[in-house]
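The values are calculated or read from the model by the stated rules, or taken from the named source; none is laboratory data. Please read all numbers here as calculations on a predicted model, not as lab measurements. Here the Cβ is made from the backbone with ideal geometry for all residues, glycine too, and neighbour counts use every protein chain on show. Side chains included, ligands, DNA and RNA excluded: accessible areas come from the protein's heavy atoms. Shrake-Rupley method; radii C 1.70, N 1.55, O 1.52, S 1.80 Å.
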Amino acid sequence: MAYNEKLLRTASEKIAKRRSDAEADAAKRHSRVVVKCPEIAQLEDKMRKSAYGLVKVIGMGDRMVEYIDNLRKENLEAQAEIKKILVSMGYGENYFEPDYFCKKCSDSGFSEGKLCTCHIELLRQLSYEQLCKSSPLKISTFDEFSLDYYKHDAEILELMSCNFEFCRNYAENFDMNSYSLLMTGEKGLGKTHLSLAIAGEVINKGYGVIYGSVQNLFSTIEKEHFGRADEADGTTENMLLDCDLLILDDLGAEFTTNFTTATLNNIVNTRILESKPTIISTNLSVGKLDDRYSRRIASRIIGEYQILSFEGKDIRQQKSEE
C-alpha cells in the first residue's frame, strides 16, 4: 500500500516511542525491585561476569565447548533463581520484561521481514485522522447518507439511488484495479459525502488515501515548486502521484493558471498511465470541463473516468429549511 513519506515517518516515530516507553517502564520496575532485593543484583552481576568470561574461550581448544556449556548452565540457573525470587515477592516471573504494545513484533514495527499488523493498523489510523483534518466535514459514512432529500422527484431519486449503490459497491470492492470516478453536479448534492464515505471504507481496507480540495492542494504544490514552502521539494505532488487512491474535491473552484492546468494534466495523466484510481468531484458539467481546461485534459478525464451525475436540490439548503 502506498502511504506518503510523512505518514510513514510519523508511524515509525510512534512505534519507536512505544518501544522506548515500554523499555523505560521495565527499567523503572527493575530498579525498584533490586533496591528491595539486593540478591537479584548479585545474581545479575554473576550473569554479567559470565558474559565477560566468553572472552576466555579464544585459544582454549578442546576445552572451549565444555567451558561455554558451563557458562550457559550458570546463566540459566541465575535466571531461574531471579524468576523464583520475583514470584516469591508477589510479582510475575517476567516482571522485568518490557510490556510491549505489540507482542508479535515487540514494538519494532516489523514481523517476519515485513510490516507488522500493528504497524499497518497505525498507518490506517493516522491516514484516517489525516483525512479528517483535511476534509471540510468529518468522515462521512454510507449509513449517514439519506436518500430522503431526493424524494421530491422520482427520476432524481432513482438516479441518486443508483449513484449511492454504485459508490458503496465501489468502496466494498476497491483494489488497485478499480477505475477512476468523476462526480459532477451542483454544490450540496452529496458528492463530497459519498467520496469521503468511499475514502473511509478504502482506508479500512488498508490502502493509502489522500483527500483534499484542488484549490488547497494545488496552492501547496505551487508554493513548493517556487520555493515558498517549508519543504520545497515537490513533496505534495509526489504524494498525490503515489497514493493508492487520490480524491480531488471541488475541481473548478481553484484560480486557474497555466501552472495549475499543467499540474492537473500531470496528475491525471500520470495516475492513468500507472493505473492508479482517482476520484474527482466538480460543480462543472462535463461540457464546461472542456471550456475551463485544455481539450487534452478534458478528453482524458471523460474518456478514462466513470462519470456519475448528481442532481437534485441543495441538501444544505433543505436542512436549513427543516
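One table, with the values for the structure above:
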read-out: Residue list for the range 290-305, restricted to those being within 19 Å of Val214 (Cα to Cα) and either touching a strand residue (DSSP E or B) at 6+ places or on another chain (Cβ under 7 Å) or in a loop (DSSP other than H, G, I, E, B) (or both); value: Tyr293, Ser294, Ile301, Tyr305
read-out: Which numbered condition Thr260 misses (of (1) in contact (Cβ under 8 Å) with a residue 60 or more places away in the chain; (2) farther than 23 Å from Arg124 by Cβ); value: (1)
read-out: The range 239-273, residues that are within 27 Å of Arg9 (Cα to Cα) and part of a strand (DSSP E or B); value: Leu245, Leu246, Ile247, Leu248, Asp249
read-out: Residue count, the range 67-81 (criterion: of a type in the set (D, E, K, R) and surrounded by 14 or more Cβ atoms within 10 Å (Cβ to Cβ)); value: 2
read-out: Unique match (being at pLDDT 90 or above, open to solvent by 50 Å² or more (accessible area, probe 1.4 Å) and of a type in the set (A, V, I, L, M, F, W, C)) among Met89, Met64; value: Met89
read-out: Residue within the range 180-189 that is basic (Lys, Arg), crowded, with 19+ Cβ neighbours inside 10 Å and in contact (Cβ under 8 Å) with a residue 60 or more places away in the chain present; value: no
read-out: Answer residue from the range 25-47, given it is within 26 Å of Asp107 (Cα to Cα) and open to solvent by 80 Å² or more (accessible area, probe 1.4 Å) and is modelled with the highest pLDDT among those; value: Lys28
read-out: The range 1-24: number of residues that are assigned to a helix (DSSP H, G or I) and either among the aliphatic types (A, V, I, L, M) or open to solvent by less than 100 Å² (accessible area, probe 1.4 Å) (or both); value: 15
read-out: Boolean, Tyr293 is open to solvent by 10 Å² or more (accessible area, probe 1.4 Å), within 23 Å of Leu189 (Cα to Cα) and among the aromatic types (Phe, Trp, Tyr); value: no
read-out: Some residue of the range 249-260 being of a type in the set (Gly, Ala, Ser) and within 26 Å of Phe164 (Cβ to Cβ); value: yes
read-out: Asp242 under 27 Å from Glu165 (Cα atoms), in contact (Cβ under 8 Å) with a residue 12 or more places away in the chain and either surrounded by fewer than 21 Cβ atoms within 10 Å (Cβ to Cβ) or touching a Ser or Thr at 6+ places or on another chain (Cβ under 8 Å) (or both); value: no
read-out: Residue satisfying condition, being of a type in the set (Lys, Arg) and either open to solvent by less than 60 Å² (accessible area, probe 1.4 Å) or within 28 Å of Tyr207 (Cβ to Cβ) (or both), within set Lys276, Lys319; value: Lys276
read-out: Residues satisfying the stated conditions in the range 196-215, i.e. under 19 Å from Ser281 (Cβ atoms) and free of Cβ contacts under 8 Å to residues at least 40 places away in the same chain; value: none
read-out: Residue satisfying all of: in the range 92-128; among the hydroxyl-bearing types (Ser, Thr, Tyr), in contact (Cβ under 8 Å) with a residue 40 or more places away in the chain and part of a helix (DSSP H, G or I); most open to solvent (accessible area, probe 1.4 Å) among these; value: Tyr128
read-out: Identity of the residue in the range 190-208, more than 15 Å from the chain's Cα centre (by Cα) and among the hydroxyl-bearing types (Ser, Thr, Tyr), that ends up least open to solvent (accessible area, probe 1.4 Å); value: Ser195
read-out: Qualifying positions in the range 296-316 - open to solvent by 50 Å² or more (accessible area, probe 1.4 Å) and without any contact (Cβ under 8 Å) to a residue 24 or more places away in the chain; value: Ser299, Gly303
read-out: In the range 157-178, the residues that are in a helix (DSSP H, G or I) and aromatic (Phe, Trp, Tyr); value: Phe164, Phe166, Tyr170
read-out: In the range 158-198, the residues that are aliphatic (A, V, I, L, M) and either under 29 Å from Cys243 (Cα atoms) or modelled with pLDDT under 95 (or both); value: Met160, Ala171, Met176, Leu181, Leu182, Met183, Leu189, Leu194, Leu196, Ala197, Ile198
